[in-house]
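Taken together, the values in this text are just the output of simple stated rules run on the coordinates, not laboratory data. All values reported here derive from a predicted model rather than from experimental measurement. Here Cβ is always computed from backbone atoms with ideal geometry, including for glycine, and neighbour counts include all displayed protein chains.
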Amino acid sequence: MSFLTIYEIGGALVTLLSAVFTYLKSSGDAKKLNTAFVAVLGLIFSMLLSLRFDVLPKMSHEYSLAGDLASTSRLEQLLKETAEAIRIADNSNEPLMKYMLETRLNALKQHTDAVRQGSFVVEENEMPEFALEMIKSAKQSILATSYVQFKAWWDTPWGKKYEELNASAVKRGVKITRIFIFSNKSDYDNAKSHLESQKKAGIDVRYVMSNDLENKITSDMVVIDDRLAGELVLTPEKGMKQAVFRTRPGDIKDLSARINRVLLDANQDTN
């Protein structure tokens, strides 16, 4: 039973009891007139309750939604196009069209639900472009690990651009601390030139062997300006899968603490 239904029933009971009481207390010809008058008042009372707890809140919600749509033309257009796509899929003789549209809409709902909770997902194929934009967005600090397959990140065309943007960020005053994590000495030796290059660019470069970490990790982590925290999910072979980014202060604080624990085990000397 809803909150509103209780109030409607309450209004009806009050009206009934008031009418009965009035009928019993009235005398002569006034019984019917007084009872009818009280019944009308009770009806008005019930209508006011319904207006207050049902109609007005719904109207307020609808006006608010309409205002949001009117102020965001892109959203309004998207909703129109989505409604049209649903209509076309529903009227189509191809059931797979409807199936795929529902799949895409369900995925969209998952993304919007995540954003409402202060997080978002970046897929593997989106990572190169996103990573470049991420570095450009930094204004104060970048704290990060680098555990992903080295060549798959740093030796690609976009990886080299990423390294250049890191150097540019340092020049505009961004403090960057990066901890490289290697599986063995050979991996470290092969990456040493990159470490030296970043160190010369003004980046605080650290490194550590994965076996020397007190707390084992299976992902890469980054915190930008204490406003955005991201975790790159890796395969057992350290390949990229997807990244999950969070904006809530508590989540950012937790990830910063995890990176700082790795930092405690890291070596600053790359010679």
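What whole-number distance in Å separates the alpha-carbon centres of the stretch 125-152 and the stretch 93-120? Between the Cα centre of the stretch 125-152 and that of the stretch 93-120, the gap is 27 Å. Subtracting the Cα-Cα distance of residue 82 and residue 111 from 0.36 nm times their residue separation leaves 8.8 nm of extension gain. Placing unit charges on each Cβ (+1 for Lys and Arg, -1 for Asp and Glu) gives the stretch 73-116 a dipole about its Cα centre, and among 110, 78, 99 the Cα reaching farthest toward its positive end belongs to 110. Checking the Cα-Cα distances for 199/253; 161/253; 161/200; 109/161 against a 22 Å cut-off, the pairs over it are 199/253; 161/253; 109/161. Exposure proxy ranking for 150, 180, based on other Cβ atoms within 10 angstrom of each Cβ and starting from the fewest, stands as 150, 180. For the pair residue 248 and residue 126, label points projected 7 Å from Cα toward Cβ lie 2.0 nm apart. The ranking of 194, 111 from fewest to most other beta carbons within 10 Å of each one's beta carbon is 111, 194.
For the stretch 122-264, the relative contact order works out to 28 percent when only alpha carbon pairs closer than 8 Å and six or more residues apart are counted.
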